[in-house]
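Okay, so here's the structure we're looking at.
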Amino acid sequence: MSENISLTAARLQRQVPAAETRIDDAMIAVSTLLTSVVTARRDTPGVPPARGQATISRLVKVQSALAIASGDVLRIHGELVHIARETGGLDLHECPSVAHAEATDTRAAAL
């Protein structure tokens, strides 16, 4: 495997899971915000139930969009794994000790 492909594969192996984690973090943040908004509406005396409904609906839309984005990134992850197998980016065809040595060298060079 060429050095350029090795470096690209190493970079993607860091970036894709990081993107997945950031989307999960955003989903948690939006869920927490939604909970706070609904709780504030419920616990504030004199606030009618309809008050803030547009805000709540928008937060639900954001949550839905993040769930869709999460699924898309997971599909992208699978597609990249498939491409890596096709192009030799995962070294599945090599002896495990050779592949492991190259992966270790690539990780060290990428840092």
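The values are calculated or read from the model by the stated rules, or taken from the named source; none is laboratory data. Please read these numbers as outputs of a predicted model, since none were measured by experiment. Using ideal geometry, Cβ is built from the backbone for each residue, glycine included, and neighbour counts are taken over all protein chains shown.
Across region 30-82, what is the number of residues that are within 30 Å of Ala19 (Cα to Cα) and acidic (Asp, Glu)?
The number of residues fulfilling the criteria is 2.
Can you find, within region 1-54, the residue that is nearest to Gly71 (Cα to Cα) among those that are among the β-branched types (Val, Ile, Thr) and exposed (fewer than 12 other Cβ atoms within 10 Å of the Cβ)?
If we take residues in region 1-54 being among the β-branched types (Val, Ile, Thr) and exposed (fewer than 12 other Cβ atoms within 10 Å of the Cβ), then Thr21 is nearest to Gly71 (Cα to Cα).
Residue by residue, here is whether (1) in contact (Cβ under 8 Å) with a residue 40 or more places away in the chain; (2) among the hydrophobic types (A, V, I, L, M, F, W, C) holds:
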residue: Thr8; (1), (2): yes, no
residue: Gln13; (1), (2): no, no
residue: Ser36; (1), (2): no, no
residue: Asp43; (1), (2): no, no
residue: Ala50; (1), (2): no, yes
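Out of the residues in region 61-111 that are more than 27 Å from Asp25 (Cβ to Cβ) and aliphatic (A, V, I, L, M), state the one that is modelled with the highest pLDDT.
Residue satisfying both the conditions and the ranking: Leu90.
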